[in-house]
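These notes concern the structure reproduced below.
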Amino acid sequence: MSSSFFPPQRTLMGPGPSDVSSRVLGALARPTIGHLDPLFVQLMDEVKALLQFAFQTNNALTLPVSAPGSAGMEACFVNLVSPGDKVIVCQNGVFGGRMKENIERCGGTAVLVEDSWGEPVDVSKVEAAFDDHPDAAILAFVHAETSTGVFSDAAALCALAARHGALSIVDAVTSLAGIEVLVDEWGVDAMYSGTQKCLSCVPGLSPVTFSSRAEERIKHRKHKVQSWFLDMQLVMGYWGGDNKRAYHHTAPVNNLYALHEALLIVKEEGLAETQSRHLTNHRALVAGLEAMGLSMAVAANCRLPQLNSVVIPEGVNDAALRAALLNEFDLEIGAGLGGLAGKTWRIGLMGFASNERNVMFCLSAMETVLQRQEAPIKTGKAIQAARLVFDDA
Ligand SMILES: *Cc1c(COP(=O)(O)O)cnc(C)c1O
């Protein structure tokens, strides 16, 4: 006999999903109504306006794709890359590699600009790639590399693309609502995000936004978009600005209630306040970890406050530590990904999970488990060091 599933109450401090507030979970549990109900259509318009606020854009083509962040990524590439297009793509972690894969599956040619994992995208290398490939139609890069905990200079990269007459596609899955994202000011042409990172909403939706230049490119495509589901011209029949909403697919109605609530929370707090909260909690966590004798894997000038990569000290059993945190403390932190597996931990401080209690809880839980493993750490220092940061903030 199967029975109902009741998950434990975890503290989610990995690379996503992040903790979802009871306010958002409450919204998710409200009565389902039809996806063409006039009241639901009003909610869609509000979601769109709130997304425009979060992205800091006036782009008309702004909506949540009905699937997780990877679908938002795919939506940007399938709509903008036509067979034969040359696309400069930056890789400094896992997600840049997925962009390359998308380009090739769209029939495009990827020109790869590589930087080491743990380093930001080098703008001068991208400049050189444009000099070598003046016919490049698009520049694609990841703003916040969740695999390493590094942010890149999105403003400079988008300006570079514009100067070379190329469109920009930017992955903001982890950056949106965690660090500054300015779609219009930076001149971003296509950006996608996810609900389960700094928006602290349930997984399963991917906000996207396209500039009017990107919309023009889509309208003048000579080849049909290879994905029927993600073809923006079709999706716009349902999400479009006029009052005629045509059925395309059944919107994930309750997930959109949750996204609406999560975006309201961001708006109520304010973008600047949200960012400064992420920064303070990050500084306190780093102070605590360093007081313990641990070191950060990324240089201070390109660290993401919402994703903290920590070097695993010699002799520490990575899997055993994470299992102890999960089983004894109901605390999830992330493992290293790809080339960083076994070398780093990734501690997320995303959205609702970015708070003082979580910083203190994580520091004391890690200290307890590391001490038991007889790791070379200094005990009794971390909480005090983090406390000083909070008191100064
Ligand atoms: C999480 C993540 C994705 C993928 O999002 P999913 O919701 O897991 O599909 C893409 N890019 C970055 C940078 C991410 O952190």
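The values are calculated or read from the model by the stated rules, or taken from the named source; none is laboratory data. Here the structure is a predicted model, which means the values were calculated and not measured. Using ideal geometry, Cβ is built from the backbone for each residue, glycine included, and neighbour counts are taken over all protein chains shown. These accessible areas exclude ligands, DNA and RNA; they are computed on the full protein's heavy atoms, side chains included. Shrake-Rupley method; radii C 1.70, N 1.55, O 1.52, S 1.80 Å.
Filter segment 368-385 down to residues that are open to solvent by 30 Å² or more (accessible area, probe 1.4 Å) and not in a loop (DSSP other than H, G, I, E, B) and give me whichever is farthest from Ser276 (Cα to Cα).
Top of the filtered list is Arg372.
For segment 92-151, which positions are in a loop (DSSP other than H, G, I, E, B) and under 18 Å from Val78 (Cβ atoms)?
Cys106, Gly107, Gly108, Ala137
If the Cβ limit is 8 Å and pairs must be 6+ apart or interchain, which residue in segment 163-181 that is within 18 Å of Thr280 (Cβ to Cβ) pairs with which residue that is part of a strand (DSSP E or B) and not β-branched (Val, Ile, Thr)?
Ser175/Ala144; Ser175/Phe151; Ser175/Leu304; Gly178/Ala144; Gly178/Leu304; Ile179/Ala144; Ile179/Phe151; Ile179/Leu304
Here is a list: Phe6, Phe40. Which entry is over 16 Å from Leu199 (Cβ atoms), of a type in the set (A, V, I, L, M, F, W, C), away from the ligand (no atom under 16 Å from the Cβ) and not assigned by TED's automatic domain parsing to the domain that holds Leu259?
Phe6
Read through the list (1) under 12 Å from the mean Cα position of the chain (by Cα); (2) surrounded by fewer than 16 Cβ atoms within 10 Å (Cβ to Cβ), then give the number of the only condition that Trp228 fails.
That leaves (1) as the condition not met.
Those residues that are part of a loop (DSSP other than H, G, I, E, B) and surrounded by fewer than 19 Cβ atoms within 10 Å (Cβ to Cβ), I need them from segment 254-304; list them, please.
Gly270, Gly293, Ser295, Ala299
Which of the residues spanning segment 74-85 are open to solvent by less than 10 Å² (accessible area, probe 1.4 Å) and not aromatic (Phe, Trp, Tyr)?
Ala75, Cys76, Val78, Asn79, Leu80, Val81
Which pairs do you get when a residue that is outside the structural domain of Leu304 (by TED's automatic domain parsing) and over 21 Å from Ser147 (Cα atoms), found in segment 121-132, comes within reach of a residue that is at pLDDT 95 or above and in a loop (DSSP other than H, G, I, E, B), reach meaning Cβ atoms under 6 angstrom, with the pair 6+ apart or on two chains?
Going by the 6 Å Cβ cut-off, the qualifying pairs are Phe130/His164.
If we keep just the residues of segment 48-73 that are in a loop (DSSP other than H, G, I, E, B) and more than 11 Å from the ligand (Cβ to nearest atom), which is surrounded by the fewest Cβ atoms within 10 Å (Cβ to Cβ)?
Filtering segment 48-73 for residues that are in a loop (DSSP other than H, G, I, E, B) and more than 11 Å from the ligand (Cβ to nearest atom), the one surrounded by the fewest Cβ atoms within 10 Å (Cβ to Cβ) comes out as Asn58.
What is the residue count in segment 127-186 for residues that are in contact with a strand residue (DSSP E or B) (Cβ under 9 Å, 6 or more places away or on another chain), away from the ligand (no atom under 16 Å from the Cβ), within 19 Å of Leu51 (Cα to Cα) and open to solvent by 10 Å² or more (accessible area, probe 1.4 Å)?
1
Can Pro207 be described as within 13 Å of the ligand (Cβ to nearest atom) and surrounded by fewer than 19 Cβ atoms within 10 Å (Cβ to Cβ)?
no
In segment 95-123, what count of residues is obtained for those that are over 12 Å from Ala161 (Cα atoms) and open to solvent by 30 Å² or more (accessible area, probe 1.4 Å)?
Within segment 95-123, residues that are over 12 Å from Ala161 (Cα atoms) and open to solvent by 30 Å² or more (accessible area, probe 1.4 Å) number 15.
Condition check: among the aliphatic types (A, V, I, L, M) and surrounded by 24 or more Cβ atoms within 10 Å (Cβ to Cβ). Does Met236 satisfy that?
no
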